[in-house]
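Here is the structure we will look at.
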Amino acid sequence: MPMSTNRRLIEDFYYKVWNAGDEKTAHRILAPHLAFRGSTGPSKSGVAEFLDYVRLIRNALGNYECVIDELVTEGDRSFAKMIFRGIHVGTLFGVEPTGQQIEWAGAALFRIHDAQISHIWVLGDVDSLKNQLGLVEEISP
């Protein structure tokens, strides 16, 4: 599969599915048997469970945005270095809305199969996210 196709899939995943909430695009670019692990920790199987997670995050974070800092593709795998951000407008990790802008870093590994994303494993800086929500204190040197 050409790298440009992988790049387009990943860009559609973030800019259309996550940033715009476009569920039609999700069904087009994600394999029905999708295996997904989110930046905040949960694992989901299939497109329906994944979209439930997207709705949860987008409802908790207004103006939610994923920004791709770097995107590398090779063969059937792609890697993205990310920034996730939004305004805390809904309950997240049990914390009531603060109205504050929050942002955390993440990295995602994708596997592409038959021109669809089949596996996504995302690691996010959850400590930073929770710190911004007032749940953990930063470690001092």
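The values are calculated or read from the model by the stated rules, or taken from the named source; none is laboratory data. Bear in mind the structure is a predicted one, so any value in this text is a computation, not a measurement. Cβ atoms come from the backbone with ideal geometry, glycine included; neighbour counts cover every protein chain shown.
Scanning segment 11-23 for any residue that is part of a loop (DSSP other than H, G, I, E, B), at pLDDT 95 or above, among the small types (G, A, S) and surrounded by fewer than 19 Cβ atoms within 10 Å (Cβ to Cβ) turns up at least one such residue.
If only one of S43, S39 is closer than 16 Å to H119 by Cα, surrounded by 13 or more Cβ atoms within 10 Å (Cβ to Cβ) and at pLDDT below 95, which one is it?
Details: S43 fails: surrounded by 13 or more Cβ atoms within 10 Å (Cβ to Cβ).
Sole residue among the options that is closer than 16 Å to H119 by Cα, surrounded by 13 or more Cβ atoms within 10 Å (Cβ to Cβ) and at pLDDT below 95: S39.
Applying the selection to segment 76-90, what residues are of a type in the set (A, V, I, L, M) and either in contact with a helix residue (DSSP H, G or I) (Cβ under 8 Å, 6 or more places away or on another chain) or free of Cβ contacts under 8 Å to residues at least 24 places away in the same chain (or both)? Reasoning before the result, please.
So the first thing to find is which residues in segment 76-90 are of a type in the set (A, V, I, L, M), and the list is 80, 82-83, 87, 89.
Residues satisfying the conditions are A80, M82, I83, V89.
In the set (1) among the small types (G, A, S); (2) modelled with pLDDT of 95 or more; (3) surrounded by fewer than 14 Cβ atoms within 10 Å (Cβ to Cβ), the condition left unmet by G134 is number (2). For segment 1-29, the set of residues classified as of a type in the set (S, T, Y) and out of contact with any strand residue (DSSP E or B) (no Cβ under 6 Å at 6 or more places or on another chain) consists of S4, T5, Y15, T25, listed by residue number.
The residues of segment 30-64 that are touching a strand residue (DSSP E or B) at 6+ places or on another chain (Cβ under 6 Å), among the aliphatic types (A, V, I, L, M) and either over 16 Å from W104 (Cβ atoms) or in a loop (DSSP other than H, G, I, E, B) (or both), listed by number, are L30, A31, A35, V47. Taking every residue in segment 60-75 that is more than 10 Å from I10 (Cβ to Cβ) and pairing it with any residue that is of a type in the set (K, R) and modelled with pLDDT of 95 or more, at least 6 positions away or on another chain, the pairs with Cβ-Cβ distances below 8 Å are L61/R85; Y64/R58; Y64/R85; E65/R85; V67/R85; D69/K81; E70/K81.
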